[in-house]
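**Student:** For reference, the structure I am asking about is given below.
The values are calculated or read from the model by the stated rules, or taken from the named source; none is laboratory data. None of the values given here were measured: they were computed from a predicted structure. Neighbour counts are summed over all protein chains in view; Cβ atoms, including those assigned to glycine, are modelled from backbone coordinates with ideal geometry.
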Amino acid sequence: MVFELTAAALPVADRVDAIHAAVCSGVLPVEIRWDRPASDIELDFALAVAGPLVYNRARSSDNALWRTARQARSDHEPQVFLAVQSVGSAHISQGERRVVLRPGDMTVYDTTKPYTITNVGTSELLYFQLPRSLVALPQSVLEGVLAVRIGGDNNPLADVALSYLTALGRGYAWLDPRAADLVATPTIELVRAVIAAHHGGDERCREPLFTSLALRVKRYVADHLGDRDLTPDSIAAAHHVSVRHLYQVMARDGVRLSASIREQRLEACRRDLRNPRRASHTVAAVGARWGFADASHFGRVFKAAYGTTPHDWRAGHAGHSATDGWAR
């Protein structure tokens, strides 16, 4: 279930109070200041709940939101937020720290201490909120990442997390309660892993890194599907684990790694073969694009999977809409 609110849909006279009430009841009590008249307020807000995980997206302009010391003291169930900047810029401060976020940056803050979020110009943030108890990491570890910029240059999981969380925030899983429940646990584990990755040398942080390994490997495979060198050995090396451990983790997740890579590559080839925008590409070029270096081998595995050759499959599906596949 998704709750959505836009400032334009609210009467000007009630706009400020209605927005404040929606945020306080849907997320948690805070104060909000707008640096423009009520008639000019811009806000596009969405909120979704999946078990213990709360997601919200807020696109707004020129405002500040803060949690007071009194509100923080009254927090009976402390929460942790991972914020992802998708548009514009925001400043987030907590304690003695202040971080400036730009698109692609992330940060963490919690509700047990005052914090301030200032949106400069038009800004959009995706927030993933979970109970502090589910972070299940030492307080000192959490304190170490509060109001600190997290990005690909300082956190080994940042790029994976950014790709996954952005896709999740923009997707439709939240519209189906069953799908939303399915993404809650892996999302929480990924948030834990991002926090833990800032303290990778700490023995207490290894568990969430290993717990999130299957999710990270799936994302890595999807991002490198066209690489001819994508193998269990290269995947294990990229994630600093042994091949044996990699196979064990993926097997527990119900994934036969080599077979899964082959199946995903074949599906990508099949989409390209029916895509009119790729009609000028030879069958061999399509196979090579998705990691099949040898055209004969590609033809054999394609026929084994689908009962027909790539040439015949393309001929039988000529003219199908490109919406059946996506250009990459």
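**Student:** Across the stretch 23-45, which residue is farthest from R67 (Cα to Cα) among those that are assigned to a helix (DSSP H, G or I) and touching a residue at least 24 places away in the same chain (Cβ under 8 Å)?
**Tutor:** The first filter runs over the stretch 23-45 and keeps only residues assigned to a helix (DSSP H, G or I), leaving 23-26, 38-40.
Those left that are additionally touching a residue at least 24 places away in the same chain (Cβ under 8 Å): 23, 26, 38-39.
Numbers: V23: 12, G26: 15, A38: 22, S39: 25 Å.
This residue is S39.
**Student:** Of everything in the stretch 24-54, what is under 20 Å from Y109 (Cα atoms) and among the β-branched types (V, I, T)? Give them in sequence order.
**Tutor:** Within the stretch 24-54, V27, V30, I32, V49, V54 qualify.
Yes/no matrix, rows are residues, columns are (1) hydroxyl-bearing (S, T, Y); (2) surrounded by 20 or more Cβ atoms within 10 Å (Cβ to Cβ):
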{"position": "V54", "(1), (2)": "no, yes"}
{"position": "S61", "(1), (2)": "yes, no"}
{"position": "V84", "(1), (2)": "no, yes"}
{"position": "T111", "(1), (2)": "yes, yes"}
{"position": "I117", "(1), (2)": "no, yes"}
{"position": "T122", "(1), (2)": "yes, no"}
{"position": "L134", "(1), (2)": "no, no"}
{"position": "G151", "(1), (2)": "no, no"}
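**Student:** Output the residues belonging to the stretch 315-328 that are in contact with a Lys or Arg (Cβ under 7 Å, 6 or more places away or on another chain) and either modelled with pLDDT of 50 or more or outside the structural domain of H281 (by TED's automatic domain parsing) (or both).
**Tutor:** Within the stretch 315-328, H317, H320 meet the criteria.
**Student:** Which members of the stretch 9-21 meet the condition of being among the aliphatic types (A, V, I, L, M) and touching a residue at least 24 places away in the same chain (Cβ under 8 Å)? Give the steps one after another, and end with the answer.
**Tutor:** So in the stretch 9-21, the residues among the aliphatic types (A, V, I, L, M) come out as 9-10, 12-13, 16, 18-19, 21.
Selection gives V12, A13, V16, I19.
**Student:** Same structure, new question: Go through (1) under 26 Å from W34 (Cβ atoms); (2) without any contact (Cβ under 8 Å) to a residue 12 or more places away in the chain for Y109 and report which single condition fails.
**Tutor:** Of (1) under 26 Å from W34 (Cβ atoms); (2) without any contact (Cβ under 8 Å) to a residue 12 or more places away in the chain, only one is false for Y109: (2).
**Student:** Mind checking which residues of the stretch 58-97 are modelled with pLDDT under 95, among the charged types (D, E, K, R) and within 25 Å of the chain's Cα centre (by Cα)?
**Tutor:** Within the stretch 58-97, E77 is the sole residue that qualifies.
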